[in-house]
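Undergrad: Here it is, the structure, as structure tokens.
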Amino acid sequence: MSASWLLIILLALAGLGFLLGRNRALASVGGDLRKLHSLPNYYGFNVAMLAFVPAVLVLGLWAVAQPMVIDASASGVIPQTYYQDEGALNLIMSDVRRVAEGLDLAVAQGVLSASEATVLNTQTTDLRALLGGVGVALGSEVAPEVLAAAQKMRVMTATGNWIMTAIVLAAGLGGFLVAVRMTQATLRARNLVESGILILLIGAASIAILTTLGIVLSLIFNTINFFSLFPAGDFLFGTTWSPEGRGGSEHLGILPLLWGTIYISLVALVVAVPIGLFAAVYLSEYASRTTRGFAKPLLEVLAGIPTIVYGLFALTIVGPMLVSVFGADGLGWMQGTRSVMTAGLVMGVMLIPFVSSLSDDIINAVPQTMRDGSYGLGATQSETVRQVVLPAALPGIVGAILLAASRAIGETMIVVMGAGAAARLDLNPFAAMTTVTAKIVSQLTGDSDFASPEALVAFALGMTLFILTLGLNVLALYIVRKYREQYE
Amino acid sequence: MTQMSKIERAATMHDIKISAKDVQVYYGENHAIKDVNVEIEDKTVTAFIGPSGCGKSTFLRCLNRMNDTIDICRIKGDILLDGEDIYDKRVDPVQLRAKVGMVFQKPNPFPKSIYDNVAYGPRIHGLARNKAELDEIVEKSLRRGAIWDEVKDRLDAPGTGLSGGQQQRLCIARAVATEPEVLLMDEPCSALDPIATAQVEELIDELRQNFSVVIVTHSMQQAARVSQKTAFFHLGNLVEFGETSQIFTNPVDPRTESYITGRIG
């Protein structure tokens, strides 16, 4: 029985359990609600929960574990002489899986009968043509070992599915029966449901945390993997970035990329911080309520524009505009439309709403009494803003700027389109440069072997980026928290 | 003895510092202050009492045009400071607030050092020509705020680190530093404990020698203790205004009597 059918059955069981539990609880007190420990619905939810949740958990675990176990035992059928390394075995196993799948399809479509499918022979049947007929295209003729492994896989999958169905249904029914039997007036169903909800919430939180942990771990292990193929010193302190196509690169130095990242982010912040901050001061201190009412959402629309659109804007409008002033016809500093300046300016525009909306919140959090105190002493509005409001909000504003900075460092699309792909160490802001993020994209897109240092370097780059932004975020959070303590 | 001195105080007449005529205040549609006429004397403590929402704070904020910072607030009538209309177009509200200082309900020291808190006003208005003069102003103000002895060794410490009572006295010192002619106090003791309240009340009595003080308070005992003149507000009207001793011992209006004896409010 397929997993979706099982799920439907379990849902039906839960629904039935809800009604049954509710009625049983009511019946146990002769319909007098006040004698029940909990509201009747809680008894229903308790039964539904116990019938559904454990069974679904079993189903989920089984669905994940079964293919792994089957793969492992089916690959045992393939003789050792057949492949040299892990990679080759993986290729064979994917063939095996396709053959098994194809046979199932053939049976389902009636091309083969179930018993015919089990006694196929590579000598007598053209499997490749047969499977091609049902829509499964194979790259080569099917070797007998592959067919044997595929047959073993099919048998194991069939039995596995039966066992799974039995166990899941048993778990569902077991939970159902236990819950129904314990349903009586004194059962603290409300508390049981409460702890069920608690477990659900903890589960959600741990998935979020574990995923992060998993990503970080995969970054770390792949980075270590990379450093075993490529010297760490050359990566961290190399000043040239010139990966060869496939293996054998000598120059994978991160410094030019890091410099590009920092330079472009710096230009972006120089644009975004003053404009964003002044906009925030205007919106929170000077603007009337109506102006604020339409100006603030309008500014925040900027944050909703996809970065690829900003990239287009950089490439087609800002770049050519800069070239017309600083290019060959003008000052002659700029070679093409792609440059640090192009990407930096556009990224700055992208960051304005970040800085302004965060700073606006922080400035608004400065107590009104503080402003009143200043006005009461005869200070003007700008004196108040400069000498009282901004110093009070400063830690929060610094936090906002650091968050914007970590966003700038992680930005990819604008850089790819606006700054070019040339990794170089240069001070000229009108030269094309590239960043860590843009290079991660170019290292992993296209036809690359994931075991080569050229591809693995992406993880080391990612790790560097991660450490950089993590550091900035931690710093920002620390500063923001310190600020909060001031007004408690 | 106290009764005697109160009568003595009452006997001394002072110049009229602020005079309000037919003042009306509207918050949007809401008519918050109706026909208020009051004359505030120089070198006198005037108390505004009345139940919550009666408009006493609103009226106080009219006296230094703090209500200008609220968009929907409109004011009609005349308020004269030394005979000049403070709502005249030629009057700069910023300049006015330097002359009519204000202390707020909650102590609101700036997140700066104690020194910078007090020096804030003098710096803005350019009252000191050099550092030595500024130091002098700061010390004098802190002494007038009766807090000098407690903070003289830590003028660089943040003002927010002081206790509530100390913060409020710091705010009074800060207000005094710009040499105002009138000091408005909006429930200055409502966030303080009894000991700090006593200190601030003592301070208010001393301030009377140099300034005209107007204090809004919820505590009738406080009004009786610190003020010479009392105004009773009710539902936006000024019900009764007179000598503090007379208001508390022999009120004319039945509403005043009800409030003072605790039947309303």
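The values are calculated or read from the model by the stated rules, or taken from the named source; none is laboratory data. Note that the structure is a prediction, hence the values are computed from the model and not measured. Because the Cβ atoms are built from the backbone with ideal geometry, glycine has one as well, and the counts that use them run over all protein chains shown.
Undergrad: Looking at this structure, is residue B:191 among the aliphatic types (A, V, I, L, M), surrounded by fewer than 19 Cβ atoms within 10 Å (Cβ to Cβ) and outside any helix (DSSP H, G or I)?
TA: Considered against the rule, which asks whether it is among the aliphatic types (A, V, I, L, M), surrounded by fewer than 19 Cβ atoms within 10 Å (Cβ to Cβ) and outside any helix (DSSP H, G or I), residue B:191 comes out as yes.
Here's the yes/no breakdown for (1) touching a Ser or Thr at 6+ places or on another chain (Cβ under 8 Å); (2) in a loop (DSSP other than H, G, I, E, B); (3) without any contact (Cβ under 8 Å) to a residue 24 or more places away in the chain; (4) of a type in the set (Lys, Arg):
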{"residue": "A:290", "(1), (2), (3), (4)": "no, no, yes, no"}
{"residue": "A:293", "(1), (2), (3), (4)": "no, no, yes, no"}
{"residue": "A:300", "(1), (2), (3), (4)": "yes, no, no, no"}
{"residue": "A:303", "(1), (2), (3), (4)": "yes, no, no, no"}
{"residue": "A:308", "(1), (2), (3), (4)": "no, no, no, no"}
{"residue": "A:312", "(1), (2), (3), (4)": "no, no, no, no"}
{"residue": "A:316", "(1), (2), (3), (4)": "no, no, yes, no"}
{"residue": "A:319", "(1), (2), (3), (4)": "yes, no, no, no"}
{"residue": "A:334", "(1), (2), (3), (4)": "no, yes, no, no"}
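Undergrad: Could you please find all residues in the range A:389-422 being at the interface with chain B (Cβ under 10 Å from one of its Cβ atoms) and of a type in the set (A, V, I, L, M, F, W, C)?
TA: A:389, A:392, A:393, A:394
Undergrad: I'd like to know if the range B:127-137 contains one or more residues that are touching a Pro at 6+ places or on another chain (Cβ under 9 Å), over 19 Å from residue B:196 (Cα atoms), within 14 Å of chain A (Cβ to nearest Cβ) and part of a helix (DSSP H, G or I).
TA: Within the range B:127-137 (the criterion being touching a Pro at 6+ places or on another chain (Cβ under 9 Å), over 19 Å from residue B:196 (Cα atoms), within 14 Å of chain A (Cβ to nearest Cβ) and part of a helix (DSSP H, G or I)), the answer is yes, since at least one residue qualifies.
Undergrad: Right, something else. Residues of the range A:239-264 being in a loop (DSSP other than H, G, I, E, B) and closer than 16 Å to residue A:458 by Cβ, which ones?
TA: Of everything in the range A:239-264, those that are in a loop (DSSP other than H, G, I, E, B) and closer than 16 Å to residue A:458 by Cβ turn out to be A:243, A:244, A:245, A:246, A:247, A:249, A:253, A:254.
Undergrad: Related question: Please work out if residue B:92 is within 11 Å of chain A (Cβ to nearest Cβ) and more than 30 Å from residue B:156 (Cβ to Cβ).
TA: yes
Undergrad: Look at the range B:138-164 and say how many of its residues are farther than 20 Å from residue B:95 by Cβ, polar (S, T, N, Q) and not in a loop (DSSP other than H, G, I, E, B).
TA: Final tally of qualifying residues: 1.
Undergrad: A follow-up question, please. Against the condition modelled with pLDDT under 90 and crowded, with 20+ Cβ neighbours inside 10 Å, how does residue A:130 come out, does it pass?
TA: Considered against the rule, which asks whether it is modelled with pLDDT under 90 and crowded, with 20+ Cβ neighbours inside 10 Å, residue A:130 comes out as no.
Undergrad: Kindly indicate whether any position in the range A:377-388 is more than 12 Å from every other protein chain (Cβ to nearest Cβ), of a type outside the set (Phe, Trp, Tyr) and surrounded by 20 or more Cβ atoms within 10 Å (Cβ to Cβ).
TA: yes
Undergrad: Would you please name the residue that is farthest from the other protein chains (Cβ to nearest Cβ), looking only at residues in the range B:111-126 that are hydrophobic (A, V, I, L, M, F, W, C) and out of contact with any Ser or Thr (no Cβ under 7 Å at 6 or more places or on another chain)?
TA: In this case the residue turns out to be B:114.
Undergrad: Looking at (1) surrounded by 18 or more Cβ atoms within 10 Å (Cβ to Cβ); (2) out of contact with any helix residue (DSSP H, G or I) (no Cβ under 6 Å at 6 or more places or on another chain); (3) under 18 Å from residue A:408 (Cβ atoms), can you tell me which one residue A:306 breaks?
TA: (1)
Undergrad: Another question about this same structure. Provide a single number: the residues in the range A:358-376 that are surrounded by fewer than 21 Cβ atoms within 10 Å (Cβ to Cβ), in contact (Cβ under 8 Å) with a residue 60 or more places away in the chain and either away from chain B (no Cβ under 14 Å) or polar (S, T, N, Q) (or both).
TA: 1
Undergrad: Ok, one more. Taking only the range A:249-283 into account, find how many residues are under 18 Å from residue A:440 (Cα atoms) and in contact with a Lys or Arg (Cβ under 7 Å, 6 or more places away or on another chain).
TA: 2
Undergrad: So which of A:138, A:89, A:112 ends up being assigned to a helix (DSSP H, G or I), in contact with a helix residue (DSSP H, G or I) (Cβ under 9 Å, 6 or more places away or on another chain) and not aromatic (Phe, Trp, Tyr)?
TA: Answer to the selection: A:89.
Undergrad: Further question on the same structure: Would you confirm whether any residue within the range A:22-40 is among the small types (Gly, Ala, Ser) and under 29 Å from the mean Cα position of the chain (by Cα)?
TA: The answer is no; no qualifying residue exists.
Every residue, every condition in (1) away from every other protein chain (no Cβ under 14 Å); (2) loosely packed, with under 13 Cβ neighbours inside 10 Å, yes or no:
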residue: A:239; (1), (2): yes, no
residue: A:242; (1), (2): yes, yes
residue: A:251; (1), (2): yes, no
residue: A:259; (1), (2): yes, no
residue: A:285; (1), (2): no, no
residue: A:297; (1), (2): yes, yes
residue: A:302; (1), (2): yes, no
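Undergrad: In the range A:83-141, which residues are over 26 Å from residue A:72 (Cβ atoms), in contact (Cβ under 8 Å) with a residue 12 or more places away in the chain and either in contact with a strand residue (DSSP E or B) (Cβ under 6 Å, 6 or more places away or on another chain) or among the hydrophobic types (A, V, I, L, M, F, W, C) (or both)?
TA: A:111, A:112, A:130, A:134
Undergrad: Hey, can you tell me all the residues within the range B:141-179 that are acidic (Asp, Glu) and away from chain A (no Cβ under 14 Å)?
TA: Of everything in the range B:141-179, those that are acidic (Asp, Glu) and away from chain A (no Cβ under 14 Å) turn out to be B:149, B:150, B:153, B:156.
Undergrad: Quick check on this structure: which one of A:268, A:295 is closer than 22 Å to residue A:419 by Cα, at pLDDT 85 or above and of a type in the set (A, V, I, L, M)?
TA: None of the other options fit; the residue is A:268.
Undergrad: Within the range A:115-127, which residues are part of a helix (DSSP H, G or I) and either surrounded by 16 or more Cβ atoms within 10 Å (Cβ to Cβ) or of a type outside the set (Val, Ile, Thr) (or both)?
TA: Once the filter is applied, which keeps residues that are part of a helix (DSSP H, G or I) and either surrounded by 16 or more Cβ atoms within 10 Å (Cβ to Cβ) or of a type outside the set (Val, Ile, Thr) (or both), the range A:115-127 yields A:115, A:116, A:117, A:127.
Undergrad: Suppose we keep only residues that are more than 13 Å from every other protein chain (Cβ to nearest Cβ) and touching a residue at least 60 places away in the same chain (Cβ under 8 Å) within the range B:54-74. Which one would you say is farthest from residue B:103 (Cα to Cα)?
TA: Filtering first and then ranking leaves B:54.
Undergrad: Sticking with this structure for a sec: Looking at (1) touching a helix residue (DSSP H, G or I) at 6+ places or on another chain (Cβ under 8 Å); (2) modelled with pLDDT under 90, can you tell me which one residue B:89 breaks?
TA: Status for residue B:89: all satisfied but (1).
Undergrad: What's the total number of residues in the range B:87-108 that are assigned to a helix (DSSP H, G or I) and either within 24 Å of residue B:197 (Cβ to Cβ) or free of Cβ contacts under 8 Å to residues at least 12 places away in the same chain (or both)?
TA: 2
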